[in-house]
Each structure stands twice: as C-alpha cells, then as structure tokens.
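The values are calculated or read from the model by the stated rules, or taken from the named source; none is laboratory data. Note that this is a predicted model, so its numbers are computed, not measured. Virtual Cβ from ideal backbone geometry, glycine too; neighbours counted across all protein chains shown.
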C-alpha cells in the first residue's frame, strides 16, 4: 500500500473541510498630483467586484486632508491599504539572468544593485519578479524595481499623519502592469506587442507589453495638468472650466486640440522614440497603443495620436473587463473609468 499517497489524500480532504478565513478586502489608493483615486476590491463567485470607490481632488496640494476625506468616505477599518509612488527616484529594469528559483534570485541580485541602478544601494528599497516563471530556457526574464527610501518613507509618514496604516507600497507602473494584465484586452500570442500610456497629472507612464507581460517602462514628464493649463490660457477660463471643456469641448474642439498642440507633440515624440527603441532592441513589433489616465479624457486625443504615430489608438477602460463587476450604485465611476487604472492595479 502506498502510505504516502494515502496520507496526501487525507491532508487534501482535511484542507477542503476546514473553513477558509475570509480574505481581507484590499483598497488601492492612487495619490496623484491633482487628485486621489481609491478603489476597494472584493472577491465574488464570478471573479472581482468594485465594492466602494472615491475620487478626491487635491486643493492647494493638501494631500493629507484629501486622504482623510477618502478614508471617511470608504470607512477604512480592517482593509489592506496599498499605495504607490512614481517619478524621479523610481526605476524599473528588465534583465536576463540564469534561471533559478525566486528565493535564490532574491538572495543573489542584491549584490549587484550598483550594476542595475544609478543609486547608492543603501539609499533604495528594491524588489524583483520573474516574468516567465514557467519558462524552460536556461535564461529567465527578470523585472527589478528600485525606489529611493525617502519616497517610501514620506508615503508611510503621510498615511500615519492621516491616522491610517499603509500595508503595501509599489510603483505606479507596476500597478498599471497589474491592471492591464488582469483587466486589459484579451491578448493572444502573436509575436507582437501592445503599448499603454497612462497620462497622469504631472507625468505619463509608457509601458509596452508582450503577451500581457511588461517588457518596457518609462516615465515622460508631461501630463494632463499641462493640457488643462494650455486650454485655460487659450480660452481665457479658470482651471476648473478648462478641465470641463477638455472633456466636453463641443464646438470648441478644434481650439482645444490646437491649444494642446505643444504638450501633445512632446508626448508623441517621446512615445515614437521609445517604441522605435523597443522594436529595434527587442525585434518585436508594437501594433497598438492604449491611452489611460486623466489626460486621456481630452476629447479627440486618440485621433491625434493615431494620425501622428501610425498606430491604432484606443482609450482603455479598465472597468470594462468581463472579470470585474461594478455595482449599479456605482455607475458614476464609469465617468472616471480611465483614471482608475493605477488604483485598480493596486487593489489587484
């Protein structure tokens, strides 16, 4: 008699009978330069659902007050809170290393940090992930991430001063990768890649995916605040009016697009350079670009990008995934759907 097999079957049966503790709900909190977006995700029989959400503008750069308001609206209690940082002081690298278990990778790569990042190793927090864990090759593709310690420490301090405990910290682009991987368009292996541009308040994050896995990431320091400012100056309105006109320009569409010409051209130039570099370096064709973030709410922006880049360009709605439910009471979130990519990725 095979006693080991019998014992394994017994353990499996016992594990099935023991009630599993309910998973703690997770709230992803995206702190941008113009607003805070937060989403509470929970599990359902059919996948995931948005249980609660909130968006709070930053008035006078008062992040702490806005965060407290988010907490009051979502009733922070026992949930796991996850946030992120972005911009200068954060870096991602994609490198090939000899295949090894992730435990061995974590022990070994930290001795070569000065090879991968232009930072003093003592000044950063760092982590890694194997992007092709099921690969059979002798080499594996690894994502390395680094953040200046002061950025993470400041984020932890912000939550503490707001009376909250932050449980996890990551980088915006990692959150976007999570969101696009789980909630993006269904991708079939084709040998081609797709790009995603998240146009945030002060910066935009460009990522390129191959078979739903990130292969390239870069921050471009042009964002939706600059678009709003250009519209306000051109039309002689305040920032709030310019923001509304940006989304619903009506008969002023031509004026709005013309006002945004310079920052859009800068974005397009940097995207073209990045995509050309990626295609040359990796010998992989990029065949589609998706836009997200507050800047993607500029009416007609996809047409401008498509015309200048020669690629199909679409607005990405992360809430449109079949694997994510949004309660009927939360219909208003669809108005802001493009802005919730990072928050959803954090919740994931």
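Among the candidates 324, 297, which residue alone is surrounded by 15 or more Cβ atoms within 10 Å (Cβ to Cβ), assigned by TED's automatic domain parsing to the domain that holds residue 220 and either under 20 Å from the mean Cα position of the chain (by Cα) or at pLDDT below 95 (or both)? Steps first, answer last, please.
Values: 324 fails: assigned by TED's automatic domain parsing to the domain that holds residue 220.
On inspection, the qualifying residue turns out to be 297.
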Checklist (1) in contact with a helix residue (DSSP H, G or I) (Cβ under 8 Å, 6 or more places away or on another chain); (2) modelled with pLDDT of 95 or more applied to residue 306, failing item: (1)
When you go through (1) over 25 Å from residue 225 (Cβ atoms); (2) assigned to a loop (DSSP other than H, G, I, E, B) one by one for residue 202, which number turns out not to apply? (1)
Tell me the helices (runs of 4 or more DSSP H) entirely within the range 217-280 that contain at least 2 residues that are touching a helix residue (DSSP H, G or I) at 6+ places or on another chain (Cβ under 6 Å) and exposed (fewer than 14 other Cβ atoms within 10 Å of the Cβ). 239-247
Answer from 190, 173 - the residue that is modelled with pLDDT under 90 and either surrounded by fewer than 20 Cβ atoms within 10 Å (Cβ to Cβ) or not in a strand (DSSP E or B) (or both): 190
Only one of these conditions is not met by residue 94: (1) touching a helix residue (DSSP H, G or I) at 6+ places or on another chain (Cβ under 7 Å); (2) assigned to a strand (DSSP E or B). Which number is it? (1)
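One line per residue, one yes/no per condition, for (1) outside any loop (DSSP other than H, G, I, E, B); (2) farther than 30 Å from residue 142 by Cα; (3) in contact with a helix residue (DSSP H, G or I) (Cβ under 6 Å, 6 or more places away or on another chain):
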residue: 56; (1), (2), (3): yes, yes, yes
residue: 87; (1), (2), (3): no, no, no
residue: 100; (1), (2), (3): no, no, no
residue: 112; (1), (2), (3): yes, no, no
residue: 118; (1), (2), (3): no, no, no
Any residue at all in the range 330-340 that is farther than 18 Å from residue 200 by Cβ, within 18 Å of the chain's Cα centre (by Cα) and not in a helix (DSSP H, G or I)? no
